[in-house]
Structure formats: C-alpha cells, structure tokens
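Written below as structure tokens is the structure these notes are about.
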Amino acid sequence: MPGTVDAMPLIRKDAASSAPAREHADLLRSDDADERWRAARSLATSPAGAAALGAALAGEQDPRVREAIFTSLARLGAVDSVLPHLRSDDANLRTGALDALRAMTDAVRPHLRSLLADPDPDVRLLSCELTRALPAREANSLMIEVIDREAHANVCASAVDVLAELGEATAIASLERCATRFAGQGFLPFAIQVAIERIKAQQEATDG
C-alpha cells in the first residue's frame, strides 16, 4: 500500500557480532598456523572470543600464534583467560602469560593480593613481577606484605628486587626483619642490604 514501509527483519546486534567471532574461534583449531595467527589477531576486538583464545593457548605450539593470542587477550583485558597459564609447566607459556598480564595492569590489579598469597610459590614469585607496573606506593605496600609473611626465600628475593627499584622508607623495617629470618641464605641478606641502601639513597635525594 502507498505510504507503507515493508517491515525489515530485526537482527540482534549481539547475534550479528558473535557470528564472526565463532568463525574465528573455529579457525584457532586449524592445521594451518597462518590461519590460526590471523584468527587470533581478528579476535582482538571481540570479547566473545576471549574464552576460545584462552583455551587455544594450552595446545598452541607455534610461537608466532601464541604471541598473537596473548596480544589479543591483553587488548581485551581478558585476565581470567591468561591467569591459569601462570601455572603452566611450559616456561615459554608462563613467560607469555606474564608479559600479557603486565600489559593489562588495571585488569590484573584486583587479583594481585590473591596471586601474591597463592599456594604455589612459583605463582607468588611471578606475581611479584606484576607489581612493577603499579605506582611505587602501591607496589611498596604489597611487597611489604609479602616479605613480612613469606617463607620461601626465592619469593622474598623477587619481592626484594621490586623494592630495590620501587621501595620507600616504610619498607626498611620489614626488609631488616626479612634479612634476620633468612640470615642463612647468603644471597638474600646481601640483596636486602642493597635494596635498603638504594631506598635510603633515593630518600636522601628526595629530601635534598
């Protein structure tokens, strides 16, 4: 009839946008590494693809594809898809996960305290590295908490290394107590002394 407009079918926006994501997710299982690489890059703007990207990491052996997956997950801020890989037995996978988490500090921040108290000392050690991207005062506070309770020398050493870079005067007393607890670990009291000297030097430079 004149003056009428044919009804157009309504397509839900989320359904329309999820279809390409599903297609790219399927391509993450392709036998062709180039196809997997392109699919990983294409999912960088698709939150719906985060779970598929995270799942693909465990079995992905091609370094270039792994890097593309981690880059896309970092751009998505998909911290929950990356965190499990901090526990991987594959050193390259752990390193890739750490680098991706460093690139999404805001998404990682709510998880840091639990990561720093994780039952696995390797996870705690790697998590100390994540605090380097935080403001100095925040990193200082978290590392004080770690060295005040930590029983594992290597984890303490990682926290001390962060404090040597970002520590403030409020960390000195905790560092001294840590040195006493680990007096038999020659490398750690030495590292602690270096950290304390750097903190004091920085404080003097600030005050001066």
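Which of the numbered conditions does Ala91 fail, given that it passes all the others? Conditions: (1) in contact (Cβ under 8 Å) with a residue 24 or more places away in the chain; (2) closer than 30 Å to Ala48 by Cα.
That leaves (1) as the condition not met.
Give the residue, chosen from Thr131, Thr170, Thr105, that is closer than 23 Å to Gln202 by Cβ and modelled with pLDDT under 95. Step through it out loud before you land on a result.
Values: Thr131 fails: modelled with pLDDT under 95; Thr170 fails: modelled with pLDDT under 95.
Only one candidate passes the filter, namely Thr105.
In region 137-153, which residues are within 19 Å of the chain's Cα centre (by Cα) and under 14 Å from Ala179 (Cα atoms)?
Val146, the sole residue that qualifies.
The values are calculated or read from the model by the stated rules, or taken from the named source; none is laboratory data. Model, not experiment: these values are computed from the prediction. No Cβ is skipped: glycine too gets one built from the backbone with ideal geometry, and neighbour counts run over all protein chains shown.
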